[in-house]
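Student: Would you mind keeping the following structure in view while I ask a few things?
The values are calculated or read from the model by the stated rules, or taken from the named source; none is laboratory data. All figures in this text were calculated on a predicted structure; none of them were measured in a lab. With ideal geometry, Cβ positions are generated from the backbone for all residues, glycine too; neighbour counts draw on all protein chains shown. For accessibility, only protein heavy atoms count, side chains too; no ligands or nucleic acids. Shrake-Rupley method; radii C 1.70, N 1.55, O 1.52, S 1.80 Å.
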Amino acid sequence: MAERAEFPRTPLVLVTIDQEWTVRSLESILNPAGYAVVKARNGEQAIELLKRVTPDLLLIDYELPDMSGVALAQRIRRRSIGLRETPLVMLTMDALSREQRITALKAGAWQIVRAPFDQEELTLKLNAFVRMKLRADEA
């Protein structure tokens with residue numbers, strides 16, 4: 001199990017995934033690591049939530065019921081000025097082709113992570129991304 005990271009404040013993560021078991025798995029990783037989690041089941045819910053909250057990290061499923069994770073990432077990056085530099089990690093259950101990975105990265109993903117998730121590795125990556133984002137916010 002990864003250590004709990006020390007942050008100047010509790011980082012907020014928006015998890016946009018429609019599979020309940022994946023959301024619960026991520027919460028069981030994120031909560032003990034010191035993150036607060038808000039959840040959306042699809043892209044439109046995420047867009048609505050982003051009108052009210054400003055997360056420090058975005059976790060988006062590659063395949064959502066109402067749009068692709070890539071389309072959601074593009075919408076967020078294009079329309080949400082405050083979120084253009086927020087770390088965005090695309091999650092996938094399946095292997096992606098090189099073209100799919102490149103498309104996700106061009107849409108604004110910082111990383112693409114395939115399930116099953118290694119708790120320690122995922123936490124260490126996310127902690128590094130969030131530390132960088134919080135330092136940028138302070139500057």
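Student: Please turn the phi angles of the range 6-21 into ³J(HN,Hα) values with the Karplus equation 6.51 cos²θ - 1.76 cosθ + 1.60 (θ = phi - 60°), one per residue in order, whole Hz, x for glycine and proline.
Tutor: Coupling constants for the range 6-21: 9, 10, x, 8, 6, x, 9, 10, 9, 9, 10, 8, 8, 8, 4, 5 Hz.
Student: Can you pull the semi-axes for the range 1-71, root of five times each eigenvalue of the Cα gyration tensor, sorted largest first, whole Å? Please list the in-between numbers first.
Tutor: Numbers: eigenvalues 98, 42, 15 Å².
With the √(5λ) rule applied to the range 1-71, the semi-axes are 22, 14, 9 Å.
Student: Also, I was wondering about something else. At 1.4 Å probe size, with the rest of the protein present, what percent of the exposed accessible area of the range 29-84 is carbon and sulfur atoms?
Tutor: Working: 1240 of 2520 Å².
For the range 29-84, the apolar C and S fraction of the accessible surface comes to 49 percent.
Student: Same structure again: From the Cα gyration tensor of the chain, with a ≥ b ≥ c the square roots of its eigenvalues, which class applies: rounded if a/c is under 1.5, or else prolate if a/b is larger than b/c, or else oblate? Don't skip to the answer; put the middle values down first.
Tutor: Details: a/c = 1.40, a/b = 1.15, b/c = 1.22.
The shape class here is rounded.
Student: Give, rounded to the nearest 20 debye, the magnitude of the charge dipole that the chain has about its Cα centre when Lys and Arg contribute +1 at Cβ and Asp and Glu contribute -1 at Cβ. Show your work: numbers first, answer last.
Tutor: Details: 20 positive and 19 negative charges, 114 e Å.
Dipole size: approximately 540 debye.
Student: Using unit Cβ charges (K, R positive; D, E negative) and no other charged atoms, how large, in debye to the nearest 20, is the dipole of the range 1-51 about its Cα centre?
Tutor: On the way: 6 positive and 7 negative charges, 23 e Å.
Approximately 120 debye in magnitude.
Student: Stretched out fully, how many nm does the piece from E63 to A115 gain, at 0.36 nm a residue minus the Cα gap?
Tutor: Working: separation 52, 0.36 × 52 = 18.72 nm, distance 1.30 nm.
17.4 nm is the gain from fully extending E63 to A115.
Student: Based on DSSP, what percent of beta bridges with both residues in the chain are antiparallel, to the nearest 5? Before the final figure, lay out each step's value.
Tutor: Working: 1 of 18 bridges.
Approximately 5 percent, going by the DSSP bridge assignments.
Student: Accessible area per residue, 1.4 Å probe, Å², for the chain: what's the number?
Tutor: Working: 7410 Å² over 139 residues.
Ligands and nucleic acids excluded, the figure is 53 Å² per residue.
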